[in-house]
Structures are given as structure tokens and as C-alpha cells.
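Report on the structure given below.
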Amino acid sequence: MTWTFGEFRLDPERFQLSRGGRPVRLEPQVLSLLIHLVRNHDRMVTKDEIVDAVWKGQAVSDASISSRIRSARQAVDDDGTGQAVIRTVHGRGFRFVAEVTASAPVHAVMEGATDQSDHPGGRPSIAVLPFRPLGMPADLAFMADAIPHEIIEALSRLRWLAVIARGSTFRFRQLSGDLDLISAALTARYVLSGVIENPGRRIAATLELTDTSSREILWADRLVAPVEGIGDLRTRIVAHLVAALETHIPFNEARLARLRDPESLDAWAHYHLGLAHLYRFTADDTALAQICFERAAAADPQFARAHAGLSFTSFLNAFLRLTPDPAAASRDARRHAERSVGLDALDPFANFTMGRSFWLTNEPEIAADWLARATALNPNYAQGFYASAFTAMLTGNAAVTFAALDTSLHLSPLDPLLYGVHGVRAQMLMQQGELQAAARWADRAATTPGAHYLIAMIALAANGLAGRHDQAARWRQKVHQLRPAATAADYFAAFPTRDVASRVRIAAELRQHGL
């Protein structure tokens with residue numbers, strides 16, 4: 001909803017007052033006051049309401065309120081004598097008396113979505129606010145600042161997210177509920193806020209991630225631990241949050257990019273659209289992802305993540321045999337990864353794609369070094385731990401495989417590569433001869449969203465070796481549906497394990513099913 005009065009247009013979603021189409025510069029508190037008055041133009045607004053709306057209930061003097069009213073009047077060509085726009089109701093409050101016309105915002109689109117043609121673009125930014133303590137004893141009150149500080153440090157490791165400095169965000173300790181003021185002052189696209197409380201002998205933290213342009217809560221969660229487990233809780237909060245942001249912010253960025261004019265998209269918007277297609281693991285979506293990453297690289301040739309994305313799509317083309325020339329796709333995966341690392345050697349995603357390119361050339365020891373670098377750069381990188389587990393599985397290192405899989409699953413229980421996490425576990429269990437467990441995990445992998453034909457082949461082999469022949473037959477039908485020409489050679493090209501005995505058993509099982 002936007003409001004028009006005289007020459008002025010007030011858009012609360014954009015947090016903007018304009019006159020004749022040109023923005024009017026206002027202090028955030030003055031603009032918040034004006035929005036509240038216009039929103040309630042059909043009635044008088046009390047001073048207490050103004051304090052709640054603008055100062056979030058803080059104690060303020062009448063002089064402060066009068067100052068903001070005076071500035072609001074000046075902005076709309078009113079004054080304390082004429083009061084043709086904002087009228088004082090003496091001793092009680094104020095009323096917006098100019099004629100107001102309400103309308104849908106000019107940027108409204110179908111089904112209530114908003115056109116993001118004015119979306120700031122560029123790298124997403126986030127402000128992490130101090131948590132609000134509720135019933136916290138004095139000896140634990142420091143947690144309200146300590147945990148956000150640790151979150152800022154962890155997020156600062158991410159190359160795809162701009163993190164507003166602690167010195168700026170902590171100034172808004174008493175105004176954490178005023179997103180209009182915070183987003184305007186810090187130009188942050190996202191705000192992370194939280195509440196920390198001490199119910200009984202426990203510590204509970206509630207987190208919220210908000211899109212400042214739409215005021216939509218994109219993600220929220222609550223983590224609880226006993227007081228004596230406070231150190232573990234701090235670690236869990238940081239790890240859990242970083243993994244959640246890796247999923248929810250790119251998804252939201254892609255959603256917003258789809259609502260914009262394709263000609264207006266910048267490199268970051270193209271990149272996020274590419275990610276949205278990338279994790280669907282189909283031939284068509286991989287091709288669309290490649291186009292998006294190519295556009296991102298064209299818009300900014302120095303954009304390391306665009307080249308990492310191209311390495312990822314080339315990897316999928318080779319790994320899933322989506323191209324008639326897997327060898328060329330393998331070379332492209334390495335070439336783009338090298339370009340990405342060359343542009344930003346500290347980006348975990350660049351190092352991740354470099355490591356995975358060595359799977360394609362059956363060099364797991366080299367892959368392991370690159371993937372270890374990725375997780376060192378970002379210790380909360382769930383996909384990096386998954387890829388490390390895959391690499392350890394190839395060489396038969398069960399301890400490292402299972403430990404890395406557990407870490408990945410803990411960090412990101414709903415990761416787009418979750419099918420792979422379960423699939424690697426099933427493959428490792430087959431190599432150990434734990435066939436019933438392998439079959440159970442393989443079934444979970446193959447029924448997870450995004451699972452491709454190679455995961456269905458793991459399920460086929462595991463169930464067949466476990467003597468679950470009916471289930472194996474069902475997975476054979478699924479493999480045929482997903483990839484009619486699939487063969488055992490495809491399986492071992494993707495999973496070139498060093499364990500000869502398990503390779504022989506799996507190959508024999510696949511042959512029994514016509515593969």
C-alpha cells in the first residue's frame with residue numbers, strides 16, 4: 001500500500017517519501033513518524049502510540065516528539081500555524097488531516113509479490129544485532145553480545161555475504177525492533193536478530209532472519225541447552241546459523257531476481273539464479289544454470305563465484321554424463337575452478353570446485369587437500385565436509401568418511417546435497433560389507449529430493465547385495481526411468497573406489513540387473 005497526498009507519495013515498503021517523483025531526504029525517525037500518522041489518518045494518534053511506533057517504547061521527552069513533528073511538517077510543506085497536513089490535538093496527540101489516496105504500490109505484481117526493480121543488487125549484506133536478553137542473570141547477560149559477535153566473525157569468513165561491522169550494528173541495541181531505521185542507516189539487505197533467555201536451568205536462543213525490504217521472516221529457529229552446556233550451545237548456534245544462511249539467503253535472492261527485468265540483473269543476481277537451477281540436478285536445469293553463470297561472468301569478469309559456478313555445471317555434465325563428451329566437460333570443470341581460485345583463493349566455494357574437479361581425473365589425494373582448504377576457510381561449510389567424505393570413501397578411509405558425513409549432516413540437515421550425504425554413507429557401508437545398513441541408507445538417499453540416477457544405482461546395488469531383491473528390482477526400474485542407457489561403467493566412472501573386492505561384488509550385482 002502507498003499513499004498520495006498533494007504532490008507527495010509515501011511508500012512504506014520502500015521507506016521513501018517522494019515529491020513529484022523525486023525522493024525527499026528525511027531522518028529515519030521522522031519518516032517512521034510520518035508513515036505512522038498517514039497509516040492512521042482516519043483517527044487521532046496519541047503521543048504514547050508515537051513513542052511505541054518510533055522509539056519502540058523507550059522513554060523520550062515531549063521535546064523529542066515535538067522536534068520530529070516539526071521536521072515532518074517541514075518535509076510536507078506544513079507548519080505549526082497552518083497545520084493543513086498534521087494537526088495537533090492539544091494535550092492528546094496528532095492527526096494527519098490532508099486528503100489521502102491509498103493505492104497498490106507501483107511495483108506490485110501478481111499474487112502480491114513485489115517487483116524488485118529497485119532491489120539494490122550486488123552482494124547480499126547482513127546486519128547481526130545484539131540479542132535481547134530476557135530474564136538473564138548478571139553472570140550470563142554477556143551472552144546477548146558474545147553470541148552475535150561470534151556470529152559476525154563466522155559470517156565474515158563467507159565470501160558471498162557482506163557483513164556489517166559490529167561497531168555499527170551494536171549501536172542499534174535499543175532499536176532492534178525498528179527495521180526501517182536499521183535498514184536505512186546500515187543499508188543492510190538482511191537483519192539477524194535474536195532473543196536469549198534463561199528458563200529454569202536452561203539457556204534458550206531464538207533467532208530470526210528478516211528481509212528488510214519486504215519485512216518477511218525468511219527463517220527462524222530456537223536452540224536450547226542446559227546452563228552447563230553453554231559453550232556447546234554457542235558453537236551450535238554459530239554452525240547452525242551459517243549453514244541456514246547458505247540455503248535461505250541465496251534462495252531468496254534467486255526469488256527476487258526472477259521478479260525483476262532480466263535486462264536489469266547484475267552479476268550477483270545472475271549467480272543466485274544459477275544456484276537455484278544448479279541444485280535441481282537435471283540436464284535442463286544444469287544447462288540453465290550454466291547460462292546464468294556465463295551471464296554473471298560476462299557482467300563481471302573478475303567475479304570468482306561465477307567461474308566456480310561454471311566449474312560446478314561442467315562437473316555435473318561430466319559426473320552425470322549429461323554431455324556426449326565427458327572428458328571435455330572434465331577439462332572445463334578444472335579450467336573454471338582454476339580461474340575461480342585465481343580470482344579469489346580464499347573463497348571456500350572456489351576451493352570446493354577445484355577439489356571436486358580432481359574426482360573426475362581419479363586423483364582423490366589431491367582433491368582431499370583442496371577440500372580440506374575449503375573447510376579450513378569456512379569451518380561451517382557443510383558441502384565441503386560432504387565432499388571430503390566422498391573423497392575419503394574413494395580411498396576406503398571409513399573413519400574419515402563417517403566423521404565428515406556426520407559433520408555435514410549436523411551443519412545442514414536439509415542441504416541440497418543431502419542425497420549425496422546418504423549415498424556416500426551407503427557406498428562406504430557396502431565397501432565394509434555392512435549390507436543391510438547400506439541398503440537402508442541407500443533407500444534414504446534415493447528417496448531424497450534431487451537424487452539422480454547414480455544414487456538410484458547405489459540403492460539398486462545395496463539392496464541386491466543385501467538380498468532385498470524386490471526392492472532392488474524397483475530401483476532398477478527407477479534407474480531405467482532416469483537414465484535408460486545407464487551402465488556399470490557409468491557407476492564406476494562416478495565412484496572409482498579403490499576397494500577391489502567391493503567393486504567386483506557391485507559390478508556383478510549391476511550385471512544381474514542388465515546394467
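The values are calculated or read from the model by the stated rules, or taken from the named source; none is laboratory data. Predicted, not measured: the structure shown is a model, and the values here were computed from it. All Cβ positions, glycine included, derive from the backbone under ideal geometry; neighbour counts span all protein chains shown.
Tally time: how many residues in region 184-232 are of a type in the set (A, V, I, L, M) and in a loop (DSSP other than H, G, I, E, B)?
1
For region 438-515, please list each of the helices (runs of 4 or more DSSP H) lying entirely inside it that holds at least 2 residues being within 21 Å of T323 (Cβ to Cβ) and under 35 Å from the mean Cα position of the chain (by Cα).
Ranges flagged: 453-465, 469-482, 488-494.
Can you pull out the residues in region 62-87 that are surrounded by fewer than 14 Cβ atoms within 10 Å (Cβ to Cβ) and closer than 16 Å to T46 by Cβ?
Once the filter is applied, which keeps residues that are surrounded by fewer than 14 Cβ atoms within 10 Å (Cβ to Cβ) and closer than 16 Å to T46 by Cβ, region 62-87 yields D62, S66.
Conditions: (1) of a type in the set (K, R); (2) crowded, with 18+ Cβ neighbours inside 10 Å; (3) more than 19 Å from A98 (Cβ to Cβ). R9 meets all but one. Number of the miss?
For R9, the exception is condition (3).
Report, by residue number, each residue of region 66-90 that is over 16 Å from V24 (Cβ atoms) and among the charged types (D, E, K, R).
The answer is D79, R87.
With the structure loaded, tell me whether A146 is in a loop (DSSP other than H, G, I, E, B) and either in the same structural domain as G384 (by TED's automatic domain parsing) or more than 18 Å from the chain's Cα centre (by Cα) (or both) or whether it fails that test.
No, not satisfied.
Checking R159 against (1) more than 30 Å from N351 (Cβ to Cβ); (2) at pLDDT below 85: exactly one of these is not met. Which one?
(1)
Run R295 past the list (1) in a loop (DSSP other than H, G, I, E, B); (2) surrounded by 19 or more Cβ atoms within 10 Å (Cβ to Cβ) and report the number of the one that doesn't hold.
The one condition R295 does not meet is (1).
Only one residue in T206, T212 is over 19 Å from P124 (Cα atoms), assigned by TED's automatic domain parsing to the domain that holds F131 and β-branched (V, I, T), so which one is that?
From the options T206, T212, the qualifying one is T206.
In the list T235, T206, T210, which residue meets the criterion of being under 12 Å from the mean Cα position of the chain (by Cα) and over 23 Å from Q302 (Cβ atoms)?
After ruling out the rest, the residue left standing is T210.
So how many residues does region 204-217 have that are aliphatic (A, V, I, L, M), out of contact with any Gly (no Cβ under 8 Å at 6 or more places or on another chain) and touching a residue at least 12 places away in the same chain (Cβ under 8 Å)?
Residues meeting the conditions: 2.
Output the residues belonging to region 341-365 that are surrounded by fewer than 16 Cβ atoms within 10 Å (Cβ to Cβ) and either assigned to a helix (DSSP H, G or I) or in contact with a strand residue (DSSP E or B) (Cβ under 7 Å, 6 or more places away or on another chain) (or both).
G342, E365
What number of residues within region 1-48 satisfy the criterion of being in contact with a Gly (Cβ under 7 Å, 6 or more places away or on another chain) and farther than 13 Å from A75 by Cα?
4
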